[in-house]
Amino acid sequence: MKIVLRMTAIIAALVVALWVWSERGRWMLPSTWKFLRASGWRRLRDGTFFHSYIYGRFPDRYIGLGLKNALPQIGKASGQSSADHYHGKVLPTALAEALITHDHDIELHDMEQVIPYPVARDLVLRASPDIVAFDCPCRATRENPCQPTQVCMVVGQPFADFILEHHPAKARRLTQTEAVEMLRAEHARGHVHTAYFKDVMLERFYAICNCCKCCCGGIEAMVKHGVPMLAASGYVAQVDEAQCAACGDCIEACAFGALSLDGFAHVNWDKCMGCGVCEGQCQVGGIALVRDERKGVPLDVRVLAA
């Protein structure tokens, strides 16, 4: 039986390898070569390159299968294991903007203080990173997705060119100014910014997602299934009782169920991820984000790189 399984795995790897090589009858596309060179021999040998290729080449199917089949069956131990390999860091809008507008190369070390997972211990951010807007795979799997759908940002090489070359109908290159405008527009819609890391994606930061609570797989995994896919921003929401109008807008907007209403809005500290959505949706300025060391270290390149 073990021999059969091993042979099946070898055959599957060969099929995927031939697919990658042929790129549907063409020689390997330049961005695939770039991805392969960046991955190195180790990732080709242990098969993680092929995982990376499938993840980037068929993101809708990859994430769709995970949402429909894997998440409902996931347990606590396997959920933690999944989060160790694929997770996001929540970002208030100002930190998301700083991440895509830095103007010099930055080397960040000891990232476990920021991202408490085995991935992305060290991080190199290149100045003026290439940014590509991409149709959100999570929204693509939903019957009635939130609009607009082209709100995921693939950041840096070789990821940006790979997505642009393999998904030309679903992706477009952004300037830094356009990326900032997209972040602000998504914040105004009440969506959560998250910086994503995945071990098969060269063990580093590769995307900023703008997540809605109805479509996002990461938020669903965390809220419905208890999988710690997201790390808190390092901030927590604080309500000004005198200012609060008790309108309930913040409660409806919160993706993590961290707010309740009893005379005025109350924040559940354990559930609050410090995304700042409630602050942005409050019409009377009754909520603000405050730094809380118990919520981790913010992914703030302006401070971490100082």
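Here are a few things to note about the model shown:
- Selection from the range 281-301 of residues that are farther than 30 Å from residue 122 by Cα and either crowded, with 19+ Cβ neighbours inside 10 Å or in contact with a Phe, Trp or Tyr (Cβ under 7 Å, 6 or more places away or on another chain) (or both): 281, 282, 286, 287
- Considering only residues in the range 133-150 that are crowded, with 18+ Cβ neighbours inside 10 Å and under 23 Å from residue 85 (Cα atoms), the one that is farthest from the chain's Cα centre (by Cα) turns out to be 141.
- Of the candidates 253, 242, the single residue that is farther than 30 Å from residue 84 by Cα, small (Gly, Ala, Ser) and not assigned by TED's automatic domain parsing to the domain that holds residue 118 is 242.
- Sole exception among (1) surrounded by fewer than 23 Cβ atoms within 10 Å (Cβ to Cβ); (2) modelled with pLDDT of 95 or more; (3) under 20 Å from residue 155 (Cβ atoms) for residue 257, by number: (3)
- Strands (runs of 3 or more DSSP E) contained in the range 178-249 and holding at least 3 residues not aliphatic (A, V, I, L, M): 192-198, 204-211
- Residue 190 vs. criteria surrounded by 19 or more Cβ atoms within 10 Å (Cβ to Cβ), under 26 Å from residue 135 (Cβ atoms) and more than 14 Å from the chain's Cα centre (by Cα): yes
- Among the residues making up the range 284-295, those that are under 18 Å from residue 255 (Cα atoms) and not in a helix (DSSP H, G or I) are 287, 288, 289.
- Within the range 232-265, the residues that satisfy the criterion of being of a type in the set (A, V, I, L, M), under 16 Å from residue 277 (Cα atoms) and touching a residue at least 40 places away in the same chain (Cβ under 8 Å) are 232, 236, 237, 239, 253, 255.
- Among the conditions (1) closer than 27 Å to residue 30 by Cβ; (2) touching a His at 6+ places or on another chain (Cβ under 6 Å); (3) at pLDDT 90 or above, residue 212 misses just one, which is (1).
- Restricting attention to the range 106-121, the residues that are assigned to a loop (DSSP other than H, G, I, E, B) and touching a strand residue (DSSP E or B) at 6+ places or on another chain (Cβ under 7 Å) total 6.
- Single residue of 223, 227 found to be in the same structural domain as residue 83 (by TED's automatic domain parsing) and surrounded by fewer than 19 Cβ atoms within 10 Å (Cβ to Cβ): 223
- Within this structure, residue 195 fails the test of being more than 15 Å from the chain's Cα centre (by Cα), in the same structural domain as residue 42 (by TED's automatic domain parsing) and farther than 24 Å from residue 69 by Cα.
The values are calculated or read from the model by the stated rules, or taken from the named source; none is laboratory data. Here the structure is a predicted model, which means the values were calculated and not measured. Methodologically, a virtual Cβ is constructed for each residue, glycine included, from the backbone with ideal geometry; neighbour enumeration extends over all protein chains shown.
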